[in-house]
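Please treat every number below as a calculation from the coordinates, not as lab data. If you're wondering where the values come from, they're calculated on a predicted model, not measured in any experiment. Cβ placement follows ideal geometry from the backbone for every residue including glycine, while neighbour counts extend to all protein chains displayed.
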Amino acid sequence: MAEMGKVVLNSGWLAARSTEVNLSGVQLTTTHPPSGQSPPWMKGVVPGTVLATLAKNKRVPDPFYGLENESIIDIADSGREHYTFWFFTRFHCNLVVNQQVDLNFRAINYSAELFLNGHKRVLPKGMFRRHSLDVTDILSPHGENLLAVIVHPPDHPGKIPPEGGQGGDHEV
């Protein structure tokens, strides 16, 4: 039996706004996984961002074309929930005895909770932080694994006042 080696999970992802998914991470990764790109699920862009996913699926205008970025609702106006998204994928592995498996995340913004086969792990908060989690004990060693990650934007994104200034909770 061959070792699993490095597997890059950069395709086959689905994404959905968290307010449109009435399931927990445990349910998504055990009894009720999404079956494909049917509402509210869309193709997820990984590696990428929530905005990249929304643009790829034409849910927002292309932010890099002209001034179309100005018509994208700002998080300060919409609230965090509008940009809190689930990302979901399935993958297989073939582990050998005493092999360790880490899930590596290269730049989550801002915080996330990970669910793998019904088990929850919370990632530390931070802007575009890298994370490595040993998931050997919760991995299905010879079958399908269900992975869901809920990504939360910053707790208080702040807003620039109409008269200018730095925004947030501070005064200028």
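Quick notes
- You can think of it this way: the chain between Asp155 and Ala52 has 35.0 nm of extra reach, that is 0.36 nm per residue less the Cα-Cα gap.
- Backbone HN-Hα couplings from phi across the stretch 69-74 [Karplus 6.51/-1.76/1.60, Hz, Gly and Pro as x]: 4, 5, 8, 7, 4, 7
- Under 5 Å between amide hydrogens, built in the peptide plane, is the criterion, and for Phe85 it picks out Ser18, Val151 among residues at least 5 positions away or on other chains.
- For Pro124, the shell of other residues with beta-carbons less than 14 Å away shows a net charge of +2, using +1 for Lys and Arg and -1 for Asp and Glu.
- Working note: 222 nm ellipticity from helices only, DSSP H runs with n ≥ 4, each -39,500 (n - 2.57), summed and divided by the residues of the chain, gives -1500 deg cm²/dmol to the nearest 500.
- The stretch 1-81: chymotrypsin sites (Phe, Trp or Tyr not before Pro) in DSSP loop, at most 13 other beta carbons within 10 Å: Phe64, Tyr65
- Using the Cβ of Pro40 as centre and a radius below 12 Å, the other residues enclosed give a net charge of +1, where K and R count +1 and D and E count -1.
- Simple label model, 7 Å out from Cα along Cβ direction - Asp62 to Asp134, nm: 4.6 nm
- Cα gyration tensor shape for the stretch 40-88, rounded if a/c is under 1.5, else prolate or oblate: oblate
- Within the listed set Asp62, Asp137, Asp74, the Gaussian network model of the chain (springs between alpha-carbon atoms below 10 Å) gives the highest mean-square fluctuation for Asp137.
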